[in-house]
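Each remark here refers to the structure printed beneath this line.
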Amino acid sequence: MIVQRRYGLIQLFKETLPPLIILALWDLVVVILFQVYHQDWMEQPTLPISLMGSALALFLGIRNNAAYARWWEGRTLWGAITNNCRSFGREAASLLGGRPDLARAMAAYPHVLRAALRGEATGEDVARLLPDSMKAPVFSCTNAPNALLYHIGLGVRDEVVKHNIDGAVHGTVDRILSDIANAQGGLERIRNTPLPVQYSLLPEIATHLFCIVLPLSAVQTLGWITPLGSSIIGVLFQMLDRSGRDLQEPFNASVHALPMATMARTIERDLLQPIGEQPGAAFTVQRGVQP
Amino acid sequence: MIVQRRYGLIQLFKETLPPLIILALWDLVVVILFQVYHQDWMEQPTLPISLMGSALALFLGIRNNAAYARWWEGRTLWGAITNNCRSFGREAASLLGGRPDLARAMAAYPHVLRAALRGEATGEDVARLLPDSMKAPVFSCTNAPNALLYHIGLGVRDEVVKHNIDGAVHGTVDRILSDIANAQGGLERIRNTPLPVQYSLLPEIATHLFCIVLPLSAVQTLGWITPLGSSIIGVLFQMLDRSGRDLQEPFNASVHALPMATMARTIERDLLQPIGEQPGAAFTVQRGVQP
Amino acid sequence: MIVQRRYGLIQLFKETLPPLIILALWDLVVVILFQVYHQDWMEQPTLPISLMGSALALFLGIRNNAAYARWWEGRTLWGAITNNCRSFGREAASLLGGRPDLARAMAAYPHVLRAALRGEATGEDVARLLPDSMKAPVFSCTNAPNALLYHIGLGVRDEVVKHNIDGAVHGTVDRILSDIANAQGGLERIRNTPLPVQYSLLPEIATHLFCIVLPLSAVQTLGWITPLGSSIIGVLFQMLDRSGRDLQEPFNASVHALPMATMARTIERDLLQPIGEQPGAAFTVQRGVQP
Amino acid sequence: MIVQRRYGLIQLFKETLPPLIILALWDLVVVILFQVYHQDWMEQPTLPISLMGSALALFLGIRNNAAYARWWEGRTLWGAITNNCRSFGREAASLLGGRPDLARAMAAYPHVLRAALRGEATGEDVARLLPDSMKAPVFSCTNAPNALLYHIGLGVRDEVVKHNIDGAVHGTVDRILSDIANAQGGLERIRNTPLPVQYSLLPEIATHLFCIVLPLSAVQTLGWITPLGSSIIGVLFQMLDRSGRDLQEPFNASVHALPMATMARTIERDLLQPIGEQPGAAFTVQRGVQP
Amino acid sequence: MIVQRRYGLIQLFKETLPPLIILALWDLVVVILFQVYHQDWMEQPTLPISLMGSALALFLGIRNNAAYARWWEGRTLWGAITNNCRSFGREAASLLGGRPDLARAMAAYPHVLRAALRGEATGEDVARLLPDSMKAPVFSCTNAPNALLYHIGLGVRDEVVKHNIDGAVHGTVDRILSDIANAQGGLERIRNTPLPVQYSLLPEIATHLFCIVLPLSAVQTLGWITPLGSSIIGVLFQMLDRSGRDLQEPFNASVHALPMATMARTIERDLLQPIGEQPGAAFTVQRGVQP
């Protein structure tokens, strides 16, 4: 995710340039054909383009709101994982009375989860944090993060049986595991369920169509400055469409994706520091992008 | 649900073609009547069509937002069922200490539920997973998924009584069953409560009306290119209306429906793999559609 | 609630006819006065009507969204009552170990509640289901559904004391009663708190005003076809206003109201069938309307 | 809160009259200056006023949605207090086994809370309901409703210690107190946090500005009927602005405020009737306004 | 946060002045160039500016809604911290039976949290309230507020072990700590996750662009009064853009930020007064701004 204003500007400029050039070229073609060869059939009155603009605004409004809601829900669910992992760490100490191995396994959880969401292999962080006894049973399951919660649950049970801990305390700790499972399921829901094709493809197609028709409709009144007027408006709608597309898949490998590596490290840090252990080195912001 | 961009394009093309042809034919009729026979009464000024566009945009905006919200709430409730079934699996092991038969009965639950939501008979998956002792009492009730939760609840009670398990632990497991009941009730609510007729029928009627009036209003200024300008705008509004209608019933047997078979299999897998059993074969995406 | 498309069309036609006739008559008066007597002062330019349309769209947009949200929240709260009544039935068996009388009392609850929401007397269903010992204390209270929950709570306490049931189990069952109380309070909130007068009256007044001004503004350009153009637009805005008014009071005795009788019967069925008892006969859809 | 349609109409008329008169006077000044003295500089073309209308619609749309959301959240939070006070009453009987003094103290709570939200002194209702032993410690704290919950909590503890009640039961009752604390905090949040000045002041200023410019822009085309056209539109936007301002402070002493006295009496009634006591007399609707 | 209407007006005036001056100067340049030198190429027809206005309204609508939602969610999460800290105070007395040191540590928590959210050092309030034994372990962790919750959790455990308190009671108290952790995580989420660059930068750029083009488009029809018409509209859109930017970072050191110092003091007061201790002096509103 881009977190620095300066790099945001650069990135937006980079993304805006190609459509701007294509639009300007097309506008130029239209204006030359019209001004030089006086192609009268090109003239289009105002009405259709403004009705088309209304339909486009409806499409883009609904889609971009939905895309932003997906992105922010994704971020909120990662926040729920952060909060509940921290609470699990506190409860491992205050309710179960210790078990740093379970806190460490929980510190591995967000790293396992982010690898699963990206469809990548788990890396060095998981190897370091996950207790060896859990590695085989967790990775033998298709859904590794879910299996990890299952085995943390078994670890809690061992502790409960060994020290004869009260059932209500056991239930309280297990509630945290259920809350983490709920957040994980929500993240998988966002990843596995793309926006309906109507909402992901139609705005894009309609925006392109709009940008093609726009100079045809404007050339009669704008004349030689058509490329200026038409390109500015075209680029604004292209950027609106693009903003929605950037946000609708918040876990993709893109500069606009949620900073899952950073969030996983934060969870690890907040679980390990209170039990006196050192987390891995923090990820740094590179070229304005938080990994 | 369509999950591949290429098939989405094909599907949208297929859906767009019929209204596009009808619209173009109507536009052609209008333009020929006007240009050839100079039917002056056809001329309509700009104002009415743009006010009509405003009313239509209000209708479509409210309806499509409501339809998308229904679709996404349906998906979120299936997500809640996924999460709580997984948590039940974990708790069957960590709180109750075993009982793979209950995990298996819970793996049958989403298959029973999806059959009930579609009004279909349950299939081979339920026959394989549901313990025989539960089959008769469950299917003697009108609401089979609810009866299944009831009998899983009785199974939990047996375990609690047999091993003298703490009441708080029993309460924690039962909370998960209540959460599943809440999600099931939400899904039934969406299926049993269609959008109010005003919001499902009026936008459709208004869109058709708009498309009929549109060329009459545009023919005077657009002349022979009316079919082009008018059809593009008409198709955009038709697709907006259709997007809403596609999403408002997320459990129908349609390519736009939620992939309930796939979700049920995922739940089954995440319940069976940790107890060392094999789930049924995954459903495959066919022609871009996830069943 | 109308659940069949065909009857929805008929109902919408019936509702649309009176305003359509009045609008067309008014349009006719305007067009005749203008065309025959050339009342020039009638001419109004485009601007005011389109600014008026903007204000109207804002009013209708906010009001209709609020009305739909009230209707859907009402339905969702009835769904919460459904879910929690079912869960109470399960818990009466699995946590308390029986007490079909309490399940029956709970089956009477939605019937008591729907009568209270409509301000009607309770009927034969309540007489059949509610244990005789509860009838006097429940109906001596102004808020009968709340008193019924209170006495079900006392019934649960009896069972807990008699069989020395664990406090955590008691707490779990009581949580369900609190959740039902929350949903009941939400339904009463919607019934007792009408939309603010600004949002219920102003859109209606503004819509009528708009329909009066509309032909005055259109007659100059539309001429003899004013009644056609103006009536179509007027009816669209009237229907938008009416959709909002239909939905804003979801418990009124109207064809657009929520199907509370059907929902109460469903709850009764799902509580009685698992304990082997027969619910009352299902309500049937009559002339497209679910009671 | 106004609950009768007739008085709502009267109230709206009263509120609409002053701005309507001022607007009509200003429109009259403009039209006379223009028609009589032919002040040409007054002519303004259409574009600016319609762009100004767009900016105004954005402001009013965002602000009125936020104001309605505040009002409805305020009502929902009072609903949460209603529900949880009722549940506390039930639990005092079913979980704690009596203690009508605590039910009475809880019946005093909404009266204490509504006085605190309005910044008024508590009245006769609190004096009647609150046990004498709690009066001094509660009113010595700045936040009296919070202190009352604190002391009800201590009363619950006494009962728990005296009858050796299970910890889980104690936790269940305390959960209700926490839910009430959450709702109280939400109400204080709405009262203490006004809408940002941008959203409360700017729409008002922009609306006034718009109404000043409107006749200047319309007089050229509307001529002598400017006051009619311009005033209708001006009043619609003024009423939109006013609707937002009326709702944004739902606890003020105004006819549009939430009926806190009535709600407090309802809670009192539902707590006292099941334990066989009589609540105070119900507040009556006076001149269409529920106190 | 500004809480007085008069200072709000002054602040808005201060913020509006610079863009107003710049806009008026630019408008003046345009009008002089046009009127004096008759630069014909400056003429722009209506269409492009109104389409540009549509794109801008979409951008500003989506962004300002998102910014307001962030601000209000921030306030709601601080409200959740308030409520749960109060409930912890009540539970420290009613469930744990005392421990004023824990109530005092909890009173220090909001002060630690607001320092962390602003990236500032903790001040005198924390030094006074936080028990000395907790200072070293809390501030050795990167996330001090989380570490403080951890150590309050350990303090609760001590009490539970010492007085052999029931596990369910322990679980109830711990649930409050988890709820505080959830709210803290939500606040960190808002601080650490800026709005996507598309939504924070593009509306700003588009607004500036719009204000540059606006007089070019209006000068032909408005003539010498262009600066008046164009500046008013330009300033409205600039203020809309600015409102969004002011709200999107609710924890910054700005007059529009949430009053975190005041909220922290309120929490401190409501925790200390019931145990008979005096909180620090209330922060006063200075020049209309609540700190």
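General remarks:
- Annotation: of all residues in the stretch A:51-62 being free of Cβ contacts under 8 Å to residues at least 40 places away in the same chain and more than 7 Å from chain E (Cβ to nearest Cβ), the one that is nearest to the chain's Cα centre (by Cα) is A:Leu58.
- Across the stretch E:53-69, the qualifying residues are those that are out of contact with any Leu (no Cβ under 8 Å at 6 or more places or on another chain) and within 18 Å of A:Gln238 (Cβ to Cβ), and the one among them that is modelled with the lowest pLDDT is E:Ser54.
- Evaluation of E:Asn65 against (1) within 9 Å of chain D (Cβ to nearest Cβ); (2) within 30 Å of E:Glu277 (Cα to Cα); (3) in a helix (DSSP H, G or I) (one fails), failing number: (2)
- Going through (1) under 15 Å from the mean Cα position of the chain (by Cα); (2) surrounded by fewer than 21 Cβ atoms within 10 Å (Cβ to Cβ) one by one, C:Gly97 falls short only on (1).
- Hey, D:Asp270 under 30 Å from C:Ser140 (Cβ atoms), within 11 Å of chain C (Cβ to nearest Cβ), in a helix (DSSP H, G or I) and among the acidic types (Asp, Glu) or not: yes
- Residue in the stretch C:224-243 that is out of contact with any Asp or Glu (no Cβ under 9 Å at 6 or more places or on another chain), touching a residue at least 12 places away in the same chain (Cβ under 8 Å) and more than 28 Å from C:Trp71 (Cα to Cα) present: yes
- Exactly one residue among D:Ser243, D:Ser231 is in contact with a Leu (Cβ under 9 Å, 6 or more places away or on another chain), assigned to a helix (DSSP H, G or I), polar (S, T, N, Q) and more than 10 Å from chain C (Cβ to nearest Cβ), and that residue is D:Ser231.
- Within the stretch A:168-182, being touching a residue at least 12 places away in the same chain (Cβ under 8 Å) and either at the interface with chain B (Cβ under 7 Å from one of its Cβ atoms) or surrounded by fewer than 22 Cβ atoms within 10 Å (Cβ to Cβ) (or both) holds for A:His170, A:Asp174, A:Leu177, A:Asp179, A:Ala181, A:Asn182.
- Candidate set from the stretch E:151-167 (those that are under 37 Å from the mean Cα position of the chain (by Cα) and facing chain A (nearest Cβ under 7 Å)); member that is surrounded by the fewest Cβ atoms within 10 Å (Cβ to Cβ): E:Leu154
- Residue match in the stretch A:84-91 (condition: more than 30 Å from E:Lys162 (Cα to Cα) and more than 8 Å from every other protein chain (Cβ to nearest Cβ)): no
- Qualifying positions in the stretch A:105-133 - over 29 Å from A:Thr193 (Cα atoms) and surrounded by fewer than 21 Cβ atoms within 10 Å (Cβ to Cβ): A:Glu124, A:Ala127, A:Arg128, A:Pro131, A:Asp132, A:Ser133
- Residue among C:Ala218, C:Ala264, C:Ala253 that alone is out of contact with any strand residue (DSSP E or B) (no Cβ under 9 Å at 6 or more places or on another chain) and within 9 Å of another protein chain (Cβ to nearest Cβ): C:Ala218
- Residues of the stretch B:9-31 that are under 20 Å from B:Gln220 (Cβ atoms) and surrounded by 13 or more Cβ atoms within 10 Å (Cβ to Cβ): B:Leu23, B:Ala24, B:Trp26, B:Asp27, B:Leu28, B:Val30, B:Val31.
- Residue in the stretch A:230-246 that is buried (at least 23 other Cβ atoms within 10 Å of the Cβ) and touching a Lys or Arg at 6+ places or on another chain (Cβ under 9 Å) present: yes
- Conditions (1) modelled with pLDDT of 95 or more; (2) in contact with a Leu (Cβ under 8 Å, 6 or more places away or on another chain); (3) more than 8 Å from chain A (Cβ to nearest Cβ); number of the one not met by E:Ala144: (2)
- Counted residues, the stretch B:126-155 - those being part of a helix (DSSP H, G or I) and either hydrophobic (A, V, I, L, M, F, W, C) or within 19 Å of B:Pro274 (Cβ to Cβ) (or both): 15
- Checking A:Ala168, A:Ala257 one by one, the residue that is in a loop (DSSP other than H, G, I, E, B), among the hydrophobic types (A, V, I, L, M, F, W, C) and touching an Asp or Glu at 6+ places or on another chain (Cβ under 9 Å) is A:Ala257 and no other.
- Just so you know, in the stretch E:229-277 the residues that are at pLDDT 90 or above, in contact with a Cys (Cβ under 9 Å, 6 or more places away or on another chain) and among the polar types (S, T, N, Q) include one that is farthest from E:Met106 (Cα to Cα), and it is E:Gln238.
- For the stretch B:194-215, filtering for residues that are assigned to a loop (DSSP other than H, G, I, E, B), out of contact with any Leu (no Cβ under 8 Å at 6 or more places or on another chain) and either facing chain C (nearest Cβ under 7 Å) or not hydrophobic (A, V, I, L, M, F, W, C) (or both) leaves 1.
- Pairs meeting the criteria (first residue in the stretch A:122-149 and on the phi > 0 side of the Ramachandran plot, second residue buried (at least 20 other Cβ atoms within 10 Å of the Cβ) and among the aliphatic types (A, V, I, L, M), beta carbons under 9 Å, at least 6 apart or on different chains) are lacking.
- Restricting the stretch B:183-193 to residues that are within 7 Å of chain C (Cβ to nearest Cβ) and in a helix (DSSP H, G or I), the residue that is nearest to C:Gly97 (Cα to Cα): B:Gly185
- Any pair with Cβ under 7 angstrom, 6 or more apart, that starts in the stretch A:97-115 at a residue that is hydroxyl-bearing (Ser, Thr, Tyr) and ends at one that is buried (at least 24 other Cβ atoms within 10 Å of the Cβ): A:Tyr109/A:Cys85; A:Tyr109/A:Pro145; A:Tyr109/A:Leu148
- Test for B:Trp78: is it out of contact with any Asp or Glu (no Cβ under 9 Å at 6 or more places or on another chain), within 14 Å of chain A (Cβ to nearest Cβ) and either crowded, with 24+ Cβ neighbours inside 10 Å or under 24 Å from C:Ala103 (Cα atoms) (or both): yes
The values are calculated or read from the model by the stated rules, or taken from the named source; none is laboratory data. It should be emphasised that the depicted structure is a prediction, and the values quoted were computed from it without experimental measurement. Positions of Cβ are generated from backbone atoms using ideal geometry, with glycine treated the same way; all protein chains shown enter the neighbour counts.
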